[in-house]
1. For region A:10-24, state whether one or more residues are exposed (fewer than 14 other Cβ atoms within 10 Å of the Cβ), within 14 Å of another protein chain (Cβ to nearest Cβ) and either more than 14 Å from residue A:76 (Cα to Cα) or at pLDDT below 95 (or both).
2. Can you tell me which residue in region B:35-81 is farthest from the other protein chains (Cβ to nearest Cβ), limited to those that are touching a helix residue (DSSP H, G or I) at 6+ places or on another chain (Cβ under 9 Å) and in a loop (DSSP other than H, G, I, E, B)?
3. Out of the residues in region B:1-10 that are at pLDDT 90 or above and closer than 12 Å to residue B:91 by Cα, state the one that is farthest from the other protein chains (Cβ to nearest Cβ).
4. All but one of (1) at negative phi; (2) modelled with pLDDT of 90 or more; (3) not in a strand (DSSP E or B) hold for residue A:27; which doesn't?
5. Among the residues of region A:30-58, how many are without any contact (Cβ under 8 Å) to a residue 12 or more places away in the chain and outside any loop (DSSP other than H, G, I, E, B)?
6. Residues in region B:82-112 that are touching a strand residue (DSSP E or B) at 6+ places or on another chain (Cβ under 6 Å) and more than 14 Å from chain A (Cβ to nearest Cβ): how many?
7. Are any residues in region A:29-48 more than 10 Å from the chain's Cα centre (by Cα), more than 9 Å from chain B (Cβ to nearest Cβ) and either within 16 Å of residue A:6 (Cα to Cα) or buried (at least 21 other Cβ atoms within 10 Å of the Cβ) (or both), and if so, which ones?
8. How many of the residues making up region A:59-112 are under 20 Å from residue A:41 (Cα atoms), in a loop (DSSP other than H, G, I, E, B), touching a residue at least 24 places away in the same chain (Cβ under 8 Å) and away from chain B (no Cβ under 14 Å)?
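The values are calculated or read from the model by the stated rules, or taken from the named source; none is laboratory data. Keep in mind it's a predicted model, so treat the numbers as computed, not measured. Every residue, glycine as well, gets a Cβ built from its backbone with ideal geometry; the counts of neighbours run over all protein chains shown.
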């Protein structure tokens, strides 16, 4: 069974904390993505990576950074969490352009 | 930022009703359109990957059509069941990049 695993299902963090969301895939996919989902706004792309140590900004990168040191792992970092980053975060991976995209189970982050 | 729109935003139907909803996307630089089903507390699950104008795909009671010239896709559910309750997402890929751009989703609730 193919798998994309996110490290936490639920997280509660305080404003100003540094937050790490981890994602691991076991499919040897080159492409990995981080999205956030907010009511009425669908999934919005924060960052993506098409190879180790490569990263590209998505539509809403402000306040976030990412790290891809190994092919299977893609980390999303909130340098200083703010309440407007309270959201559902989804990680995804894909082999090649147009191939199937596989999603993690999501991390619901609440910043208080 | 590409504009992918889904309508309606939410839909309540009775068990046994047939229903459909729409995904609109830019008609230029089309590469593929994906449909996903996202149940609460689960990962989004791929339903269809559509690439050719005039494509029709079917999986059980769910089917989808694609018109790339006018930039829309319809998803149909015949004889809705409570287990069809989910958010249905469409996502557009251009021939210029690797990213999925998602619509806002249609939240379907089927009452028994």
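1. Yes, the conditions are met somewhere in region A:10-24.
2. Going residue by residue through region B:35-81, those that are touching a helix residue (DSSP H, G or I) at 6+ places or on another chain (Cβ under 9 Å) are B:37, B:39, B:61-62, B:77.
Subset that is in a loop (DSSP other than H, G, I, E, B): B:39, B:61.
Details: B:39: 11, B:61: 22 Å.
Only one residue fits best here, namely B:61.
3. Top of the filtered list is B:5.
4. With (1) at negative phi; (2) modelled with pLDDT of 90 or more; (3) not in a strand (DSSP E or B) applied to residue A:27, the lone miss is (2).
5. Of the residues in that region, 3 qualify.
6. Count: 7.
7. Across region A:29-48, the qualifying residue is only A:29.
8. The number of residues fulfilling the criteria is 2.
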